[in-house]
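Q: Sending over a structure as structure tokens; questions will come in a sec.
The values are calculated or read from the model by the stated rules, or taken from the named source; none is laboratory data. Computed from a predicted structure; not experimentally measured. Here the Cβ positions follow ideal geometry from the backbone for every residue, glycine too, while neighbour counts run over all protein chains shown.
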Amino acid sequence: MEVIVAPGKVAACEIAARRIADTVREYPAAVLGLATGGTMVRVYRELVRLHRNKGLDFGGVTTFNLDEYIGLEPQSPHSYHTFMREHLFDQIDIDRNNTNIPDGMSPDICGSCAAYEKAIADAGGIDLQVLGLGANGHIGFNEPGSPLDSRTRMAVLTDETARDNARFFDGDETRVPRECITMGVSSIFEAKKILLVAYGEKKAAVVAAAVKGTVSVRVPASVLQKHSSATVVLDEAAASTIYRQNIKPI
Ligand code: F6R
């Protein structure tokens, strides 16, 4: 696992965006796995800047998002469909037909999860999977306890995640849907490369558990330690517990 520590959150997001841009430049038909959430806002802002100012071309790129809430229309201001349109897709030259987000309104959730897995396989698999990190160690919506061999499926948010995500629902935790579709831990792990981004002191303890702790379903992100090409980009605050653990008592 490669760990990069940037001097601040802006620098961390710039480094992450540059890694994504490198993949797109190297493989113009790259398949990207994408995340949503606060961390990604800055990463996507930088990608949009690279598109506008540096000609980064998304015309041949295909994307698969990690997750979506069940019961939210794609047009809902709170859906991840809307998040992706606003923060990335509306601002770059990607072909909308090549963007994929789980369908939280499907009348056949199991069938649509299986179809999502098939679509990823048909696209040749994910070249680069971008991840944020939940305060409880989740990746996608794979909450602690999610089986390491899990695939795209319906899952249930923990109380902690619902509380964390209330900030996207006008601070009202009761409005956060508890059910979602998420790519599984195993579906994520199959990506050729993985790039996890985390910043801020609030993430420091879970970052240490993910990067240095025992690989366990209790911290789903810890599985990334076993991946052959996983990079973690942090700011100094998010890396602070790792540093502290390295300090030997006198
Ligand atoms: C969202 C997702 C989640 C977030 C995680 C961190 O698509 O996959 O795992 O990446 O909850 O969210 P933020 O960046 O808001 O702290």
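Q: Restricting region 25-58 to residues that are more than 17 Å from the chain's Cα centre (by Cα) and under 23 Å from residue 116 (Cβ atoms), which is surrounded by the fewest Cβ atoms within 10 Å (Cβ to Cβ)?
A: 29
Q: A further question on this structure: Regarding residue 73, is this residue surrounded by 22 or more Cβ atoms within 10 Å (Cβ to Cβ), farther than 27 Å from residue 228 by Cβ and either modelled with pLDDT of 95 or more or in contact with a strand residue (DSSP E or B) (Cβ under 8 Å, 6 or more places away or on another chain) (or both)?
A: It is false that residue 73 is surrounded by 22 or more Cβ atoms within 10 Å (Cβ to Cβ), farther than 27 Å from residue 228 by Cβ and either modelled with pLDDT of 95 or more or in contact with a strand residue (DSSP E or B) (Cβ under 8 Å, 6 or more places away or on another chain) (or both).
Q: Let me ask something else. Kindly list, by first and then second residue, each pair from a residue in region 9-36 that is farther than 13 Å from residue 130 by Cα to a residue that is surrounded by fewer than 16 Cβ atoms within 10 Å (Cβ to Cβ), limited to pairs with Cβ atoms under 6 Å and residues at least 6 apart or on different chains.
A: 28/60; 29/60
Q: Show the residue pairs meeting these rules: Cβ distance below 7 Å; 6+ apart or different chains; first residue within region 167-182 and more than 17 Å from residue 140 (Cα to Cα) and in a loop (DSSP other than H, G, I, E, B); second residue at pLDDT 95 or above and more than 14 Å from the ligand (Cβ to nearest atom).
A: Close Cβ pairs (under 7 Å, with a partner that is at pLDDT 95 or above and more than 14 Å from the ligand (Cβ to nearest atom)) amount to 169/175.
Q: Looking at region 28-64, which of the residues that are within 28 Å of residue 152 (Cβ to Cβ) and of a type in the set (S, T, N, Q) is farthest from the ligand (Cβ to nearest atom)?
A: Taking the candidates together, the pick is 62.
Q: If you take the residues in region 155-181 that are in contact with a helix residue (DSSP H, G or I) (Cβ under 7 Å, 6 or more places away or on another chain) and within 15 Å of the ligand (Cβ to nearest atom), which one is nearest to residue 118 (Cα to Cα)?
A: My answer is 181.
Q: List, please: which pairs have Cβ atoms under 8 Å, are six or more places apart or on different chains, and start with a residue in region 217-237 that is under 14 Å from residue 133 (Cβ atoms) and end with one that is among the aromatic types (Phe, Trp, Tyr)?
A: Sorted first by the residue in region 217-237, then by its partner, the pairs are 223/189; 224/189; 234/199; 235/199; 237/199.
Q: Have a look at 134, 200 and point out the one that is within 12 Å of the ligand (Cβ to nearest atom), under 27 Å from residue 243 (Cβ atoms) and surrounded by fewer than 23 Cβ atoms within 10 Å (Cβ to Cβ).
A: Every option except 200 fails the conditions.
Q: When you look at residue 108, is it more than 18 Å from residue 33 (Cβ to Cβ) and away from the ligand (no atom under 14 Å from the Cβ), yes or no?
A: Yes: the conditions hold for residue 108.
Q: Just to be sure before I move on: is residue 103 in contact (Cβ under 8 Å) with a residue 24 or more places away in the chain and among the acidic types (Asp, Glu) in the structure I sent?
A: So residue 103 passes the test.
Q: To continue, here is another question. Go through 222, 229 for me and flag whichever is under 18 Å from the mean Cα position of the chain (by Cα) and crowded, with 17+ Cβ neighbours inside 10 Å.
A: After ruling out the rest, the residue left standing is 222.
Q: With the requirement that a residue be more than 11 Å from the ligand (Cβ to nearest atom), touching a residue at least 40 places away in the same chain (Cβ under 8 Å) and among the small types (Gly, Ala, Ser), what does region 137-154 give you?
A: 145, 146
Q: List the number of the failed condition for residue 16; all other conditions in (1) over 22 Å from residue 187 (Cα atoms); (2) within 16 Å of the ligand (Cβ to nearest atom); (3) part of a helix (DSSP H, G or I) hold.
A: Of the numbered conditions (1) over 22 Å from residue 187 (Cα atoms); (2) within 16 Å of the ligand (Cβ to nearest atom); (3) part of a helix (DSSP H, G or I), the odd one out for residue 16 is (1).
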